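The values are calculated or read from the model by the stated rules, or taken from the named source; none is laboratory data. Note that the coordinates shown come from a computational prediction; the quantities given were computed from them, not determined experimentally. With ideal geometry, Cβ positions are generated from the backbone for all residues, glycine too; neighbour counts draw on all protein chains shown.
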Amino acid sequence: MSNVNINFEEDKQNQLKLSSDNDKKTLSQQVEKLKSLEDKLKKAESDLKKLKQEADALSNDIIPTMMTEMNISTIKLADGTAVEVKPVYGASIPLDKKEEAYNWLRSNGLGDLIKNEVTVSFGRNEDNKAMAYATLAQGQGYQPVQKLKVEPMTLKALVRERLESGKEMPTDLFNVFAGNRTKITRT
């Protein structure tokens, strides 16, 4: 075996030094290239956002309005593409109206839409306590965390069902969206 002295600190310092103007020039070019790419990405993202806004305006407003005014619900183009306007719905419950919204759901026979989750956390090696808590709950000194919620897709389905059947959906308790969207089916 031979004695080899390795100085990792010195080797690291040597690697970090830009020993020649050529290295500095190459680094500078790479930094400029990165800056240029970042600028192009920012512009492309902005352009994409504008394109999405234009597509949404056509899909959600312009085409549905034109087709409604022309009393057309579906149309087939010469190339076989089918175009139809379908209703879309959305809904949410504002945080400050949650309790009132839940009460409205319960009083209108829709309380089963509310999920009631109770969660209790136990530490390591507390399996026996967890089993005891499952049967004794509060008697063991733990406080459960209770969370009430309505799943977004369930609420959306409720809004669609009620609006399509002409039933009330209180907009003072729920953020309700009803609109149209153009659907294009390409052949």
Legend entry - The lone exception for Glu69 - which of (1) within 30 Å of Leu173 (Cβ to Cβ); (2) loosely packed, with under 10 Cβ neighbours inside 10 Å it fails: (1)
Inset, instruction - Could you run through segment 97-115 and say how many residues are touching a residue at least 40 places away in the same chain (Cβ under 8 Å) and either in contact with a Pro (Cβ under 6 Å, 6 or more places away or on another chain) or in a helix (DSSP H, G or I) (or both)? - result: 8
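Got at least one residue in segment 42-65 being outside any helix (DSSP H, G or I) and closer than 19 Å to Thr185 by Cα?
no
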Legend entry - Options Thr187, Thr182, Thr171: the member that is closer than 30 Å to Asp56 by Cα, among the β-branched types (Val, Ile, Thr), assigned to a strand (DSSP E or B) and over 21 Å from the mean Cα position of the chain (by Cα): Thr182
Inset, instruction - Check Leu136, Leu95 and return the single one that is assigned by TED's automatic domain parsing to the domain that holds Val176, more than 21 Å from Ser165 (Cα to Cα), out of contact with any His (no Cβ under 6 Å at 6 or more places or on another chain) and surrounded by fewer than 10 Cβ atoms within 10 Å (Cβ to Cβ). - result: Leu95
Legend entry - Failed condition for Thr154, given (1) within 30 Å of Asp56 (Cα to Cα); (2) surrounded by 12 or more Cβ atoms within 10 Å (Cβ to Cβ); (3) of a type outside the set (A, V, I, L, M, F, W, C); (4) more than 28 Å from the chain's Cα centre (by Cα): (4)
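Can you pull out the residues in segment 116-139 that are among the hydroxyl-bearing types (Ser, Thr, Tyr) and not in a helix (DSSP H, G or I)?
Thr119, Ser121
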Legend entry - Qualifying residue in segment 75-90 (condition: closer than 30 Å to Val150 by Cα, among the charged types (D, E, K, R), at pLDDT 90 or above and not in a helix (DSSP H, G or I)): yes
